[in-house]
Amino acid sequence: MKLYACFFREKDWVSQHEAAHRLLRFCLMKEYGIEEYSLGKGRHGKPYLENHPDVKINLSHCKGLAVCGTGNVPLGADCEGIREVRSGVVRRVCTETEKNEIENSSDPALVFTRMWTLKESFVKAVGRGISYPMRNVSFSFDKNNILTNVTGAFFRQYVLDGKYVISLCGAGNEQDVSLEIVSEKALRQ
């Protein structure tokens with residue numbers, strides 16, 4: 001399984017979306033030699049390759065970063081810039097244990113963003129998006145280990161430059177995952 005990330009200057013949503021799709025084109029060509037493809041969308045908006053059902057993909061973007069995951073099992077990828085904790089979001093999506101871990105952390109913004117992106121990666125992997133009751137999925141951290149109540153999936157997480165968090169969820173058994181940073185220039189060639 002492979003994760004690609006690209007830092008870019010564009011800040012508006014349309015430019016972020018376009019950057020994520022340029023990254024997808026780059027990934028598909030590099031990993032699979034796929035030049036032509038058609039994207040379909042599942043019931044809750046999860047993208048898939050209509051002509052290549054064996055290749056699983058997922059995209060995410062935020063201000064300054066785009067991410068694309070590829071693999072052979074259903075997967076979900078999410079990226080977010082680390083930002084202040086919003087108590088309303090915490091109440092809606094976090095368990096009591098998660099709320100306590102955030103509140104008692106020396107860096108609540110980082111812990112919340114780590115939990116949020118893990119939850120997002122999971123709901124994207126199962127194809128439900130935010131329609132899934134996120135409080136049913138819980139996460140905590142023990143040093144560099146991600147602890148969760150989710151079975152039948154594995155998770156990876158990366159904190160980049162102390163500014164961004166990328167999370168990946170893959171269905172099934174553990175797999176090796178690598179992260180490659182791609183230059184914005186490489187996507188424009």
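Readers should treat all values here as calculations from the given coordinates under stated rules, not as data from a laboratory. Bear in mind the structure is a predicted one, so any value in this text is a computation, not a measurement. Cβ atoms come from the backbone with ideal geometry, glycine included; neighbour counts cover every protein chain shown.
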Cα-centred dipole magnitude for region 15-85, charges only on beta-carbon of K, R (+1) and D, E (-1), debye, nearest 20: 140
Taking only C-alpha pairs under 8 Å that are 6+ residues apart, what is the relative contact order of region 1-94 in percent? 30
Sparsely packed GluC sites (Glu not before Pro) within region 118-186, loop by DSSP, other Cβ within 10 Å at most 12: 174
Can you give the FRET efficiency to the nearest 0.05 for residue 2 and residue 186, using r as the Cβ-Cβ distance and R₀ = 22 Å? 0.90
Obtain the radius of gyration and the Kirkwood radius of the chain from its C-alpha atoms and give Rg over Rh. 0.96
In the chain, taking the dipole from +1 charges on Lys and Arg beta carbons and -1 charges on Asp and Glu beta carbons about the Cα centre, the listed residue (122, 4, 152) farthest towards the positive end is 122
Here region 172-183 yields Karplus 3J(HN,Hα) values (6.51, -1.76, 1.60; θ = phi - 60°; whole Hz; Gly and Pro given as x) of x, 6, 3, 9, 5, 10, 10, 10, 10, 8, 10, 6
Highest GNM mean-square fluctuation among 96, 80, 35, for the chain with Cα springs under 10 Å, belongs to 35
May I ask you to derive the relative contact order of region 79-124, considering only C-alpha pairs under 8 Å and at least 6 residues apart, and to give it as an integer percent? 47
Positive dipole terminus of the chain, leading residue within 79, 32, 169 (C-beta point charges): 79
Build a GNM of the chain with springs between Cα atoms under 10 Å: which of 77, 109, 20 gets the top mean-square fluctuation? 109
Residue 17-residue 175 FRET efficiency (beta carbon distance; Förster radius 22 Å; 0.05 resolution): 0.20
Taking placed amide H atoms and a strict 5 Å upper bound, the residues 5 or more places from residue 164 or on another chain that come that close are 82
May I ask you to give the average projected area over all directions of the convex hull of the Cα atoms of region 1-105, in nm² rounded to one decimal? 8.4
When each of 119/143; 99/119; 2/46; 30/143 is checked by Cα-Cα distance, pairs over 25 Å: 30/143
Points 7 angstrom from Cα along the Cβ direction at residue 31 and residue 142: gap in nanometres? 3.0
Please list, ordered by chain and number, the residues whose modelled amide H lies under 5 Å from the amide H of residue 180; skip anything fewer than 5 residues away on the same chain. 3, 4, 5
